Amino acid sequence: MSARQPKGIPAGGQFAHTPHGHPAVGLRGDLHVDKEAATYFVDQVESIQHEGLKGALSAYDGKLKFTSNDGRAFEIHQDGHTDEDGNPAWAIDNHDCEDPSAATYGLRYESTTENLGEDLASAVADADAIDAFTLNAGSSRYDFRSYDIMDGEQAMSGACFGDIDEAVDLDVMFNHDTGTLSIERNGEPLTGADADEAVRDLVDSVDDEGPEGSPTGRLAWHMERSFRIAAAKDDSPAWTHKYRTAGLTWEDRNDYR
């Protein structure tokens, strides 16, 4: 699974694509690759183009930059870490998430060349889902830390919340195929009444206009809805498309905030 560090609060910042002098070379569909990237990063470009992402891929100073159609920028570079075979590996950085106390703060994925496209698609999906995630607006107790989407045999979303007054992290995993939640407090699984109480405490602290019903059901509704909004986006990763819902669009992300 992709590594994500550090965890941050989404700020909605966007990075404009910087034009390069090289002509664009359209290698696949709506992914536009400049000449330098196509020449010097052949294996990496091939891995990325297999994911069908839409946007622009450019090269500069020994690095790659993927810019999505909505202006998000992902820097792809070797940062010194190696894969399990000792080969130089890749890092994918996105700084659209910001912390006022930190100069750079956002999402980081560690990847290898053969998995670069898949991990970049995951990074794009996560950034979109953070924008769409609507639960924690106005909480007086919990700090929204992160939101992840994982592409596997079953689609999973994970949200992390931190108790502002206590050293407590609450992690919630939602399985989109089974519609079930699992809860952890500081890495320890919670079940039964303990899980229900933790979710109730979280949901009750939030200025939330979601549906009525059990706290667990309300939280699951938010997580599923944000996932489907991300999937509805025009340039969302192809593997999310089967989860699209008729009538639900990317513009709906601002509802219930």
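Regarding the range 94-108, can at least one residue be identified that is at pLDDT 85 or above and over 17 Å from Pro237 (Cα atoms)?
Taking every residue of the range 94-108 in turn, none turns out to be at pLDDT 85 or above and over 17 Å from Pro237 (Cα atoms).
Which of the residues belonging to the range 178-220 are modelled with pLDDT under 85, open to solvent by less than 50 Å² (accessible area, probe 1.4 Å) and not β-branched (Val, Ile, Thr)?
Listed by number, the residues that qualify are Ser205, Asp208, Gly210, Pro211.
When the residues of the range 239-257 are filtered to those that are outside any loop (DSSP other than H, G, I, E, B) and of a type in the set (D, E, K, R), which remaining residue is modelled with the lowest pLDDT?
Going through the range 239-257, the residues outside any loop (DSSP other than H, G, I, E, B) turn out to be 239-243, 250-254.
From what is left, the residues that are of a type in the set (D, E, K, R) are 242, 251-253.
On the way: Lys242: 87, Glu251: 82, Asp252: 80, Arg253: 76.
Selected residue: Arg253.
Can you say whether Gly71 is open to solvent by 20 Å² or more (accessible area, probe 1.4 Å) and either assigned to a loop (DSSP other than H, G, I, E, B) or at pLDDT below 85 (or both), as far as the supplied structure shows?
Values: open to solvent by 20 Å² or more (accessible area, probe 1.4 Å): no; either assigned to a loop (DSSP other than H, G, I, E, B) or at pLDDT below 85 (or both): yes.
No; evaluated as a whole, the condition is false for this residue.
For the range 141-170, how many residues meet the condition of being part of a strand (DSSP E or B) and either hydroxyl-bearing (Ser, Thr, Tyr) or free of Cβ contacts under 8 Å to residues at least 12 places away in the same chain (or both)?
Number of matching residues: 4.
So Phe161 fits all but one of (1) within 16 Å of the chain's Cα centre (by Cα); (2) within 15 Å of Ala132 (Cα to Cα); (3) open to solvent by less than 20 Å² (accessible area, probe 1.4 Å); what number is the exception?
So the condition that Phe161 fails would be (2).
Output the number of residues of the range 140-158 satisfying the condition of being touching a Lys or Arg at 6+ places or on another chain (Cβ under 7 Å) and open to solvent by 40 Å² or more (accessible area, probe 1.4 Å). Can you show your working first?
Taking the range 140-158 first, the residues touching a Lys or Arg at 6+ places or on another chain (Cβ under 7 Å) are 145-146, 148.
Next, from what is left, pick out any that are open to solvent by 40 Å² or more (accessible area, probe 1.4 Å): 145.
Residues that pass the stated criteria total 1.
Need the failing condition index for Ser236 against (1) closer than 18 Å to Tyr147 by Cα; (2) out of contact with any strand residue (DSSP E or B) (no Cβ under 8 Å at 6 or more places or on another chain); (3) part of a helix (DSSP H, G or I), just the number.
If we test Ser236 against (1) closer than 18 Å to Tyr147 by Cα; (2) out of contact with any strand residue (DSSP E or B) (no Cβ under 8 Å at 6 or more places or on another chain); (3) part of a helix (DSSP H, G or I), just (3) comes out false.
Of (1) among the hydrophobic types (A, V, I, L, M, F, W, C); (2) over 26 Å from Lys65 (Cα atoms); (3) out of contact with any Cys (no Cβ under 9 Å at 6 or more places or on another chain), Val124 satisfies all except one. Which?
Among (1) among the hydrophobic types (A, V, I, L, M, F, W, C); (2) over 26 Å from Lys65 (Cα atoms); (3) out of contact with any Cys (no Cβ under 9 Å at 6 or more places or on another chain), the lone unmet condition for Val124 is (2).
For Ala132, state whether it is free of Cβ contacts under 8 Å to residues at least 24 places away in the same chain, buried (at least 18 other Cβ atoms within 10 Å of the Cβ) and in contact with a helix residue (DSSP H, G or I) (Cβ under 8 Å, 6 or more places away or on another chain). Even if it seems obvious, please write down each step before you answer.
Values: free of Cβ contacts under 8 Å to residues at least 24 places away in the same chain: no; buried (at least 18 other Cβ atoms within 10 Å of the Cβ): yes; in contact with a helix residue (DSSP H, G or I) (Cβ under 8 Å, 6 or more places away or on another chain): yes.
It is false that Ala132 is free of Cβ contacts under 8 Å to residues at least 24 places away in the same chain, buried (at least 18 other Cβ atoms within 10 Å of the Cβ) and in contact with a helix residue (DSSP H, G or I) (Cβ under 8 Å, 6 or more places away or on another chain).
Condition first: buried (at least 16 other Cβ atoms within 10 Å of the Cβ) and in contact (Cβ under 8 Å) with a residue 40 or more places away in the chain. Now tell me which residues in the range 232-249 satisfy that.
Scanning the range 232-249 gives Lys233, Asp235, Ser236, Pro237, Trp239, Thr240, Tyr243.
Tally the residues that are within 22 Å of the chain's Cα centre (by Cα) and in contact (Cβ under 8 Å) with a residue 24 or more places away in the chain, restricting the search to the range 211-230. Break it down stepwise before answering.
Narrowing the range 211-230 to residues within 22 Å of the chain's Cα centre (by Cα): 218-230.
Subset that is in contact (Cβ under 8 Å) with a residue 24 or more places away in the chain: 219-220, 222-227, 229-230.
Residues meeting the conditions: 10.
Can you say whether Leu53 is crowded, with 20+ Cβ neighbours inside 10 Å, at pLDDT 90 or above and either within 21 Å of Thr240 (Cα to Cα) or not acidic (Asp, Glu) (or both), as far as the supplied structure shows? Steps first, answer last, please.
Values: crowded, with 20+ Cβ neighbours inside 10 Å: yes; at pLDDT 90 or above: no; either within 21 Å of Thr240 (Cα to Cα) or not acidic (Asp, Glu) (or both): yes.
No, not satisfied.
List the number of the failed condition for Ile48; all other conditions in (1) open to solvent by less than 50 Å² (accessible area, probe 1.4 Å); (2) part of a loop (DSSP other than H, G, I, E, B) hold.
Checking Ile48 against (1) open to solvent by less than 50 Å² (accessible area, probe 1.4 Å); (2) part of a loop (DSSP other than H, G, I, E, B), the one that fails is (2).
Tell me, please, whether a residue that is open to solvent by less than 10 Å² (accessible area, probe 1.4 Å), modelled with pLDDT of 90 or more and within 15 Å of Ser139 (Cα to Cα) can be found in the range 164-177. Reasoning before the result, please.
First, the residues of the range 164-177 that are open to solvent by less than 10 Å² (accessible area, probe 1.4 Å): 170, 172, 174.
Checking the rest, the ones that are also modelled with pLDDT of 90 or more come to 170, 172, 174.
Now narrow it down to the ones that are within 15 Å of Ser139 (Cα to Cα): 170.
Within the range 164-177, one or more residues are open to solvent by less than 10 Å² (accessible area, probe 1.4 Å), modelled with pLDDT of 90 or more and within 15 Å of Ser139 (Cα to Cα).
The values are calculated or read from the model by the stated rules, or taken from the named source; none is laboratory data. Just so it is clear, the model here is predicted, and its values are computed rather than measured. All Cβ positions, even for glycine, are placed from backbone atoms using ideal geometry, and neighbour counts span all protein chains on display. For accessibility, only protein heavy atoms count, side chains too; no ligands or nucleic acids. Shrake-Rupley method; radii C 1.70, N 1.55, O 1.52, S 1.80 Å.
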